[in-house]
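First the structure, in the form of structure tokens, and then the observations on it.
The values are calculated or read from the model by the stated rules, or taken from the named source; none is laboratory data. The structure displayed is predicted, hence computed values, not measured ones. Positions of Cβ are backbone-derived with ideal geometry, glycine not excepted, and every protein chain shown enters the neighbour counts.
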Amino acid sequence: MEWQEWNHWYQQIIANLGLDQAKDMEAAKLLRTLEAHRRGDIRDLDRLIRGKEVIVFGPAPFSDMDFGDAVKISAGSTTDQLVDMDIWPEIIVTDLDGDVPAQVLANQKGAIAVIHAHGDNIDAIQEWVPRFSPPVIGTTQAEPFEDIYNFGGFTDGDRSVFMAIHFGATKIILKGFDWDNPTGKPIVNMELKKKKLGYARQLVNYAAKTYGVPIVQSQD
């Protein structure tokens, strides 16, 4: 998704959820500074994803453990559950909430950390980015610049989908996603969480209709 296309969604989300675009950019600039010595090459994402099936893991329970040769992407706070199950993702897409030490551990085991900056996670960026190992890729939901990217998407899950599409995935399987019943990390504001998941579902549906990449939601 190009910036002009995403900006249509972004401005709607800003208006409806009361986000601060200036704070989003402040967070992105901080992320770029702190990732400087850890910065990865987005060609690594291309080499991992292009021409392959991708599984994006969400926090809802799942039972099927047959992943085949699919590239495993963990959506943020899901990572601690995967680590507990001895499942090691190749890529973590995170805005640094949930059990961040599990994300750091998966990164140390070789996962590319795609770290997202927004106005509400400035403190987390300051605390956690220095603990990650290369390669780290920085993303923003505001306008991209220099080495901070925007592939589209709002939550860790749908950002993972748009990233996979951007880098040429042939099929995307969503495993552990429940749009109606939020699970995983402790939820402080359930109403806001449901609004965010509403946008995530809309964005995934939009991706499925727009880009010609099959997106399948696993029921197990």
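In the range 120-164, how many residues are within 18 Å of residue 100 (Cα to Cα) and touching a Lys or Arg at 6+ places or on another chain (Cβ under 9 Å)?
Here the count works out to 13.
Could you please let me know if residue 132 is out of contact with any Ser or Thr (no Cβ under 8 Å at 6 or more places or on another chain), aromatic (Phe, Trp, Tyr), buried (at least 17 other Cβ atoms within 10 Å of the Cβ) and farther than 24 Å from residue 10 by Cβ?
Considered against the rule, which asks whether it is out of contact with any Ser or Thr (no Cβ under 8 Å at 6 or more places or on another chain), aromatic (Phe, Trp, Tyr), buried (at least 17 other Cβ atoms within 10 Å of the Cβ) and farther than 24 Å from residue 10 by Cβ, residue 132 comes out as yes.
Just one of the numbered conditions (1) among the small types (Gly, Ala, Ser); (2) more than 18 Å from residue 23 (Cα to Cα); (3) touching a residue at least 60 places away in the same chain (Cβ under 8 Å) is not true of residue 117; which one?
The one condition residue 117 does not meet is (2).
All but one of (1) surrounded by fewer than 17 Cβ atoms within 10 Å (Cβ to Cβ); (2) closer than 30 Å to residue 18 by Cα hold for residue 64; state the number of the condition that does not hold.
Every condition holds for residue 64 apart from (2).
For the range 97-112, how many residues meet the condition of being under 12 Å from residue 76 (Cβ atoms) and touching a Gly at 6+ places or on another chain (Cβ under 8 Å)?
Total satisfying the criteria: 3.
Can residue 141 be described as surrounded by fewer than 23 Cβ atoms within 10 Å (Cβ to Cβ) and of a type in the set (S, T, N, Q)?
no
Considering only the range 126-148, state which residues are of a type outside the set (D, E, K, R) and farther than 17 Å from residue 21 by Cβ.
126, 128, 129, 130, 132, 133, 134, 135, 136, 137, 138
In the range 158-174, is there at least one residue being at pLDDT below 95 and either small (Gly, Ala, Ser) or touching a strand residue (DSSP E or B) at 6+ places or on another chain (Cβ under 7 Å) (or both)?
no
Of the residues 138, 98, only one is touching a residue at least 24 places away in the same chain (Cβ under 8 Å), on the phi > 0 side of the Ramachandran plot and not charged (D, E, K, R); which?
98
Quick one: which helices (runs of 4 or more DSSP H) sit completely within the range 1-106 and have at least 3 residues that are touching a strand residue (DSSP E or B) at 6+ places or on another chain (Cβ under 8 Å) and modelled with pLDDT of 95 or more?
The qualifying helices (runs of 4 or more DSSP H) are 21-34, 42-49.
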